[in-house]
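Below is one structure; the comments refer to it alone.
The values are calculated or read from the model by the stated rules, or taken from the named source; none is laboratory data. As the structure is a computational prediction, the values presented were derived from the model and not from experiment. Glycine also receives a Cβ, built like all others from the backbone with ideal geometry; neighbour counts cover every protein chain displayed. Areas reflect the complete protein model, heavy atoms only, side chains present, ligands, DNA and RNA absent. Shrake-Rupley method; radii C 1.70, N 1.55, O 1.52, S 1.80 Å.
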Amino acid sequence: MAGHIISVIGGKGGVGKSMFACNLAFAFAAEKRAKCLLLDFDQRACGDQTIISGIKSPKNLKDLSEFSGSIDPKTLQMFMGMHKLQVGHVNMPPDPVAASQIKEEALGKVLKAVPNLFPVTVIDVGSELTDLALKALEASTLIFLIVSPDVLAINQSKRLYSDLITQLFPKDMIQIVVNQTVKGHPMTPEIIGKQMGKPVFHAIAKDDQSCVMALSKSQPVMAVAQNSAFATGVLECARKVIQKNILAMLEKLAKPKDTSASKAASPAQEAKVKNSWNDLKVRIHRALVEEMDFNKDEDKNDPHAKIILKEKTKKKVVELLNKEETAGILTGRDDMNRIVKEILDEALGLGPLEELLSDRTVSEIMVIAPDKIYYEKSGKVRLSDVTFTSDRQALNVIERIVAPIGRRIDEKTPYVDARLADGSRVHAIIPPCALEGCTITIRKFPEETLTYKDLIKFGSMTEGMADFLRISVEAHRNIVVSGGTGSGKTTLINMLGAFIPSNERIITVEDSAELSLPQDHVVRLETRPPSLEGDGEISIRLLVKQTLRMRPDRIVVGECRGGETLDMLQAMNTGHDGSLTTVHSNSPRDCMGRLETLVQYAGAGLNQRSIREMIASAVHMVVQQSRLDDGSRKVMNITELGGMQGDVITLQDIFLFKQEGIGRDGKIIGKFQASGFIPKFIEVLEKKGYKIPRGLFNNEAPPAAAAPEKKPAAAPTPAANPGAAKVPPKKK
């Protein structure tokens, strides 16, 4: 007759789980009058069972997992130590590193073989649902959940019990044993059963004296104190299992199994299962909304409240799933975990987008229809496997994004700019403007703000270029970051903003707050759309005007795209040097034309020459950022404005990137070059006492730091720099 496996698990440490598991194996050996097996699967408490049982096996569980032969009584003897009371034991490696290297899949064949060799096998699986623990639980007939009569243990055990139910383990398979009970204690087994939501199977009295004595002798309590309260309690538990024939009854229960090795289904079957899956999700979600009012939950910004809400919702989802007919839809614990996660994401998060948002390697998410979601990874756009179940679900996600920041989207205003909690930029547009359904574009905000070192490592610029940009920012140059959509303008302006000295007052103005500057003295302003009545709009232009009354040292405008450009240029011209902004354009020359056009949006009636003179006077530098064909982002030009020459604004490149070709792997081949032109403000800084390495501005590799020391500080000459030969024509 085939034997059974009993797993013992605890909600937390200190409940006596390992002591109970060891003595339970000895109790079954005594009652069955046959050899029983004790296995230690607790990877955290490495080797505890060796001390409790007093059995030292010749080899450990890691060795057994690496054994490739068949498992029979003779081969098992090579690994197993045997106690005189007929209990065999295989040790867990005492080294945590070795314990973490155990191959749980390889132990599957051992767990299939031991029921044919022993009437009862007891496994101590620890207090966590690790892969090794789940492998043992899947092979088990009965699970004993050990609880002690204290609030923390009961709370953790409730969580573990809920997780086991979520993993599709039948409730009848899980039996609660209360350990360390004391007469007169307010937490009686009956009360514990009510709190756990399941009657207690057995209670064992507290008997510290016998347990301590047994541990000191490195023997089980069943061997040294058979008549003690603890030994009697464990023995009665084993007898109850045997007399009520519980193992035989539980053997018929449908237990969860890993579905990773399931047979491939035909396309028609896959489509049918997918439809059934989506229908089940819709039913559960509707029932969840009916039973839980998510709008009444207090303080959704409190992390602790979010955890409580998630656990409460998860428990309700599992209850609703248990009431449904899921045969043929949910075939294992993986399916159960997946559908619970998807329902939770839809109820509390952003539905199918949660998976893409959690992937750090994904930089952009683009929904063009409910069943078409694209994402950008490593500079390449790919089609995602995840989809929305309906256009209504996509609209719910958009509303969940815009509601916390006071924005709205409806048929009257079918588009919106918003941001996520982590700062990621969101744009959405809905029918009737979007013909195929709700469209969502999310530009993900990096978890860690990129620094100039990261951009150098990515090949976006050289260290010399970064040093020059730092000098420019510290020297209060007005800089415009120019580039196309997705070229990395926001990342670059973040980097430039980080160069601003920490003792200066910075005010940022944005449509959707994205800038994340490291300084403490930063005032962040954000626009506001009009209300339903059409009033109350706060535009970027209005906020730029307000900044002038807020005593700014630096003004940083996220993007100039309208009449605010005039106010920004006026601010740059009236004592707010060192200001930063971005503009959409494809080259530094195009940037000049773009700024000229944007100034005209202000409706001030300025003539063309006046506007150009204003731009030439206000803007000192343009940094051109581009996204190349291979997906890489590079600083293509760092250009200085040299004033007006006739009716044209003169531009002079300081650094530029020259593309030389495309490699076999599709990557752009090229190099950054210094033009040899030395910016005018460098000489001004040198007269103030700054020592600027002239080696920054040529393509050779002399010791740049030594250059200022070699020449007379008072009279720098063009001959001191090979690239300076190009300067005189410019100065004429």
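Within region 174-184, none of the residues are surrounded by 17 or more Cβ atoms within 10 Å (Cβ to Cβ) and either part of a helix (DSSP H, G or I) or at pLDDT below 90 (or both). For region 424-463, taking the residues that are assigned to a helix (DSSP H, G or I) and either small (Gly, Ala, Ser) or without any contact (Cβ under 8 Å) to a residue 24 or more places away in the chain (or both), the one that is most open to solvent (accessible area, probe 1.4 Å) is identified as Lys457.
Selection of region 146-172 for residues being among the aliphatic types (A, V, I, L, M) and in contact with a helix residue (DSSP H, G or I) (Cβ under 6 Å, 6 or more places away or on another chain) yields Ile146, Val147, Ile154, Ile165, Leu168. Scanning region 555-584 for residues that are in a loop (DSSP other than H, G, I, E, B) and either farther than 19 Å from Asn494 by Cα or open to solvent by less than 10 Å² (accessible area, probe 1.4 Å) (or both) turns up Cys560, Gly562, Gly563, Thr574, Gly575, Gly578, Ser579.
Out of Phe681, Phe677, I need the residue that is in a helix (DSSP H, G or I), at pLDDT 85 or above and surrounded by 11 or more Cβ atoms within 10 Å (Cβ to Cβ). Which one? Matching residue, one of Phe681, Phe677: Phe681. Going residue by residue through region 288-305, is there one that turns out to be under 14 Å from Leu348 (Cα atoms), open to solvent by 90 Å² or more (accessible area, probe 1.4 Å), part of a helix (DSSP H, G or I) and modelled with pLDDT of 75 or more? No, every residue in region 288-305 fails to be under 14 Å from Leu348 (Cα atoms), open to solvent by 90 Å² or more (accessible area, probe 1.4 Å), part of a helix (DSSP H, G or I) and modelled with pLDDT of 75 or more. Selection within region 30-80: residues that are part of a helix (DSSP H, G or I) and of a type in the set (Val, Ile, Thr). The member of this set that is nearest to Pro93 (Cα to Cα) is Thr50.
Residues that are within 18 Å of Gly483 (Cα to Cα) and of a type in the set (D, E, K, R) within region 616-669 comprise Arg627, Asp629, Asp630, Arg633, Lys634, Glu640, Asp653, Lys658, listed in sequence order. Every test in (1) assigned to a helix (DSSP H, G or I); (2) crowded, with 17+ Cβ neighbours inside 10 Å is passed by Gly593 save one, and that test is (2).
Looking at region 492-503 only, could you name the residues that are touching a residue at least 60 places away in the same chain (Cβ under 8 Å) and in contact with a Pro (Cβ under 9 Å, 6 or more places away or on another chain)? Gly497, the sole residue that qualifies. When each of Glu190, Glu138 is tested for being charged (D, E, K, R), under 30 Å from Ala2 (Cα atoms) and open to solvent by 20 Å² or more (accessible area, probe 1.4 Å), the lone residue that passes is Glu138. Output yes when any residue across region 521-539 is β-branched (Val, Ile, Thr), open to solvent by 20 Å² or more (accessible area, probe 1.4 Å) and in a loop (DSSP other than H, G, I, E, B), and no when none is. No, every residue in region 521-539 fails to be β-branched (Val, Ile, Thr), open to solvent by 20 Å² or more (accessible area, probe 1.4 Å) and in a loop (DSSP other than H, G, I, E, B).
Scanning region 111-134 for residues that are in a strand (DSSP E or B), among the hydrophobic types (A, V, I, L, M, F, W, C) and closer than 22 Å to Ala30 by Cβ, we see that the one that is nearest to the chain's Cα centre (by Cα) is Ile123.
The residue pairs whose first member lies in region 158-171 and is buried (at least 20 other Cβ atoms within 10 Å of the Cβ), whose second member is of a type in the set (Phe, Trp, Tyr), and whose beta carbons are closer than 8 Å, counting only pairs six or more residues apart or on different chains, do not exist in this structure.
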